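Data first, discussion second: the structure below is written as structure tokens.
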Amino acid sequence: MLILTCPCCHVTAEETEFHAGGEAHLTRVGPGGAEDAFESYLFMRQNPKGVHLERWRHVYGCGKWFHLARDTATLKVFGAYSAQTTEPPDHIRAAIRDQHPDWQWHGAS
Ligand SMILES: [Zn+2]
């Protein structure tokens, strides 16, 4: 079971208090965007065995969305950070690279 700490209200709780919302840092495609880009935005998601950046919501707490970096194979949580960011902050990247030296953030998809 995952134990998560909400970066908004700083409550630490089991994952059942939260709700996963899929991949983080997706780039939205607006009106006038190419159909291929819109299709990718709607349907194409990463599903790595390893480091994954995800969106989570503190459903039974403050209700706010945040981002979480974790390892899907080991369930290690590298950290949580604001959903108002367009890329993982430096301290999260450093925590990931401590465990996965070859990890590179691919940028928004
Ligand atoms: Zn919260």
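The values are calculated or read from the model by the stated rules, or taken from the named source; none is laboratory data. All figures in this text were calculated on a predicted structure; none of them were measured in a lab. Positions of Cβ are generated from backbone atoms using ideal geometry, with glycine treated the same way; all protein chains shown enter the neighbour counts.
Summary of computed values
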item	result
Selected residue (only one of Leu2, Leu53, Leu26 is among the hydrophobic types (A, V, I, L, M, F, W, C), modelled with pLDDT of 95 or more and either in contact with a Pro (Cβ under 7 Å, 6 or more places away or on another chain) or surrounded by 14 or more Cβ atoms within 10 Å (Cβ to Cβ) (or both))	Leu53
Filtered residues of region 18-48 (kept if more than 18 Å from Gly107 (Cα to Cα), assigned to a loop (DSSP other than H, G, I, E, B) and of a type outside the set (Phe, Trp, Tyr))	Gly30, Pro31, Gly32, Gly33, Ala34
Test: residue in region 68-77 that is touching a residue at least 60 places away in the same chain (Cβ under 8 Å), within 13 Å of Leu4 (Cα to Cα), surrounded by 15 or more Cβ atoms within 10 Å (Cβ to Cβ) and within 13 Å of the ligand (Cβ to nearest atom)	yes
Selection status of Gly61, within 16 Å of the ligand (Cβ to nearest atom) and of a type in the set (Gly, Ala, Ser)	yes
Index of the failed condition, Ala108 passing every other in (1) under 12 Å from the mean Cα position of the chain (by Cα); (2) at pLDDT 95 or above	(2)
Residue count for region 49-71, restricted to those that are within 25 Å of Cys9 (Cβ to Cβ) and part of a loop (DSSP other than H, G, I, E, B)	7
Pairs where the first residue, in region 40-58, is under 19 Å from Thr86 (Cα atoms) and the second is basic (Lys, Arg) and at pLDDT 95 or above, C-beta under 9 Å, 6+ apart	Val51/Arg70; His52/Arg70; Leu53/Arg70; Glu54/Arg70; Arg57/Lys64
Test: Pro88 is part of a loop (DSSP other than H, G, I, E, B), surrounded by 15 or more Cβ atoms within 10 Å (Cβ to Cβ) and out of contact with any Leu (no Cβ under 8 Å at 6 or more places or on another chain)	no
